[in-house]
1. Need pairs with beta-carbon distance below 9 Å; first residue without any contact (Cβ under 8 Å) to a residue 40 or more places away in the chain and within the range 156-167, second hydroxyl-bearing (Ser, Thr, Tyr) and open to solvent by 10 Å² or more (accessible area, probe 1.4 Å); sequence gap 6+ or separate chains.
2. Only one of these is over 26 Å from ARG30 (Cα atoms), within 16 Å of the ligand (Cβ to nearest atom) and open to solvent by less than 20 Å² (accessible area, probe 1.4 Å): ILE161, ILE171, ILE165. Name it.
3. If I ask for residues that are out of contact with any Lys or Arg (no Cβ under 8 Å at 6 or more places or on another chain), under 18 Å from HIS160 (Cα atoms), of a type outside the set (S, T, N, Q) and surrounded by fewer than 19 Cβ atoms within 10 Å (Cβ to Cβ), which ones from the range 77-112 would you list?
4. Return only the number of the condition from (1) loosely packed, with under 13 Cβ neighbours inside 10 Å; (2) touching a residue at least 24 places away in the same chain (Cβ under 8 Å) that CYS66 does not satisfy.
5. Here are some residues: ALA205, ALA181, ALA141. Which one is within 20 Å of ARG32 (Cβ to Cβ), touching a helix residue (DSSP H, G or I) at 6+ places or on another chain (Cβ under 9 Å) and not polar (S, T, N, Q)?
6. Among what's in the range 176-216 and is at pLDDT 95 or above, assigned to a loop (DSSP other than H, G, I, E, B) and among the hydrophobic types (A, V, I, L, M, F, W, C), pick the residue that is surrounded by the most Cβ atoms within 10 Å (Cβ to Cβ).
Amino acid sequence: MVINLSDQHSLISNWVSELRDVEVQNDRMRFRKNLERIGEVAAYEISKTLAWEEKEITTPLGIANCKMLKSQPVLATILRAGLGLHNGLLNYFDKGENAFISAYRKHKPDGTFEISIEYLSCPEIDGKVLIISDPMIATGASLVKAIQYLKAEGVIEEIHIVCAIACTVGIEFVLREQPKATIWCGDIDDEITGKGYIVPGLGDAGDLAFGQKMQS
Ligand code: URA
């Protein structure tokens, strides 16, 4: 399932517009903050779909029948670009466990690339809801590989994917590989360049959030 959070008018569209805007992008703090805010709203929307249980809470004046999240999700993100969205998700799922994966495009001389994963830190994930964030779903290759690595750590109950912008081919690929996943995106674009950048997209999310990296 795919949920485009820009389908309804909301502040999400403002934040996505600012992420895309070359005039605003030079403010890295705003770029990170907008990713964080999208992560927060996605957390709130996802929370409506999770399992809840009744709990009696003692107040100074009596007993309140409250609803509490049945179990805490595992929040995973792909380094480094996913950190902004991850912060937003963690602001709301503040008791969630955390997983981090390094996935990057290892470019070959012929211009193609393969996804290399060299670091994985994962809590107990068996029977848990996984919420994985990556700002840009372009080809979807790094996301799919990251999910495969996480699935090797235990049986995941359900998977939610959070991104700022997804490309249609990337969405198709991810859902072919993970048909039960739900993708929550800030917006959807249709085009992708030969180098795997989304058009119109926003550029390189990691560089815009944290500064240019050295190319190796
Ligand atoms: N990663 C990015 O940062 N931008 C894209 O357009 C695609 C992947």
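The values are calculated or read from the model by the stated rules, or taken from the named source; none is laboratory data. These numbers come from a predicted model, not from an experiment. Glycine also receives a Cβ, built like all others from the backbone with ideal geometry; neighbour counts cover every protein chain displayed. Remember, those area values only see protein heavy atoms, side chains included, never the ligands or the DNA or RNA. Shrake-Rupley method; radii C 1.70, N 1.55, O 1.52, S 1.80 Å.
1. GLU157/SER71; GLU158/THR49; GLU158/THR182; ILE159/THR182; ILE161/THR182; CYS167/THR139
2. Unique residue meeting the criteria: ILE171.
3. Of everything in the range 77-112, those that are out of contact with any Lys or Arg (no Cβ under 8 Å at 6 or more places or on another chain), under 18 Å from HIS160 (Cα atoms), of a type outside the set (S, T, N, Q) and surrounded by fewer than 19 Cβ atoms within 10 Å (Cβ to Cβ) turn out to be LEU79, TYR92, ASP94, LYS95, PHE100.
4. For CYS66, the failing item is (2).
5. Sole residue among the options that is within 20 Å of ARG32 (Cβ to Cβ), touching a helix residue (DSSP H, G or I) at 6+ places or on another chain (Cβ under 9 Å) and not polar (S, T, N, Q): ALA205.
6. LEU202
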